[in-house]
1. Considering only residues that are modelled with pLDDT under 95 and farther than 27 Å from Arg12 by Cα, which ones fall in region 76-95?
2. Cβ-Cβ below 8 Å, separation at least six or inter-chain, first residue in region 105-130 and small (Gly, Ala, Ser), second assigned to a strand (DSSP E or B): which pairs?
3. Filter region 39-73 for residues that are acidic (Asp, Glu) and touching a Pro at 6+ places or on another chain (Cβ under 8 Å) and give the result.
4. Exactly one of these conditions fails for Arg100: (1) touching a helix residue (DSSP H, G or I) at 6+ places or on another chain (Cβ under 8 Å); (2) under 16 Å from Cys33 (Cβ atoms); (3) without any contact (Cβ under 8 Å) to a residue 40 or more places away in the chain. Give me its number.
5. What pairs come up if the first residue lies in region 1-23 and is under 22 Å from Glu75 (Cα atoms), the second is of a type in the set (Ser, Thr, Tyr) and at pLDDT 95 or above, and their beta carbons are under 7 Å apart, counting only those six or more places apart or on different chains?
6. So, in region 106-122, exactly how many residues are crowded, with 18+ Cβ neighbours inside 10 Å and either under 17 Å from Val68 (Cβ atoms) or acidic (Asp, Glu) (or both)?
7. Pull out all pairs, ordered by first then second residue, where Cβ-Cβ is under 8 Å, the residues are six or more apart or on different chains, the first lies in region 32-48 and is farther than 12 Å from Gly60 by Cα, and the second is surrounded by fewer than 18 Cβ atoms within 10 Å (Cβ to Cβ) and among the β-branched types (Val, Ile, Thr).
8. How many residues, within region 103-142, are under 29 Å from Leu36 (Cβ atoms), of a type in the set (A, V, I, L, M, F, W, C) and out of contact with any helix residue (DSSP H, G or I) (no Cβ under 8 Å at 6 or more places or on another chain)?
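The values are calculated or read from the model by the stated rules, or taken from the named source; none is laboratory data. Given the structure is predicted, the values throughout are model-derived calculations rather than measurements. Note that each Cβ is placed from the backbone with ideal geometry, even for glycine, and that neighbours are counted across all protein chains shown.
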Amino acid sequence: MREERWAKVSERDGVELVRRFTTSLASGDLDACIALLDDANVFSESASLPFGGDYVGGQGFRQLLGNVGRDFRVELDPPEIAGANNWVAVVVHGTFTSRRTGRSMPVECVDIYRLSGDKIVRVDVHYKDPGALTELCRESADPSGGSPPSGQLSSNTSQMNRGALT
């Protein structure tokens, strides 16, 4: 039988903890975010992404945001949050715009938060299409200003600003 290594968290408390984190992130209050992270917290992003890798602790979290912000402007919708005990899932919808090419695409991902007591100890980020996000940086902007062929990355200028990470 697998031994549970984290302090138990009630479903309501876990969801509330993650909601405080995502609300603080949306408002740009990184100190409040970091206060909710365990010192050894790990944010794990797919290695195939331009900002991929594991980021440890509060400093690692700041580095992750810096690495994402280096390549992309990010606009996020309010997240959908649900959880049970030490696990909370956050469904994220938003738009990433490449700073290099100016091209945009909608992004969907699920962040799996693992909790211990009143701290976030791990976040595994799973993008629905990480390959397209990687390609967004490689795509060259269309100098004619025309639309890309159907099915390719497209500009999303009608999106409302829903909380940007820049």
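1. None; the set is empty.
2. Pairs that qualify, where the first residue is small (Gly, Ala, Ser) and the partner is assigned to a strand (DSSP E or B), are Ser116/Asp38.
3. Matches in region 39-73: Asp71 only.
4. For Arg100, the failing item is (2).
5. Val18/Tyr113
6. Qualifying residue count, region 106-122: 3.
7. Close Cβ pairs (under 8 Å, with a partner that is surrounded by fewer than 18 Cβ atoms within 10 Å (Cβ to Cβ) and among the β-branched types (Val, Ile, Thr)) amount to Ser48/Thr134.
8. Total satisfying the criteria: 7.
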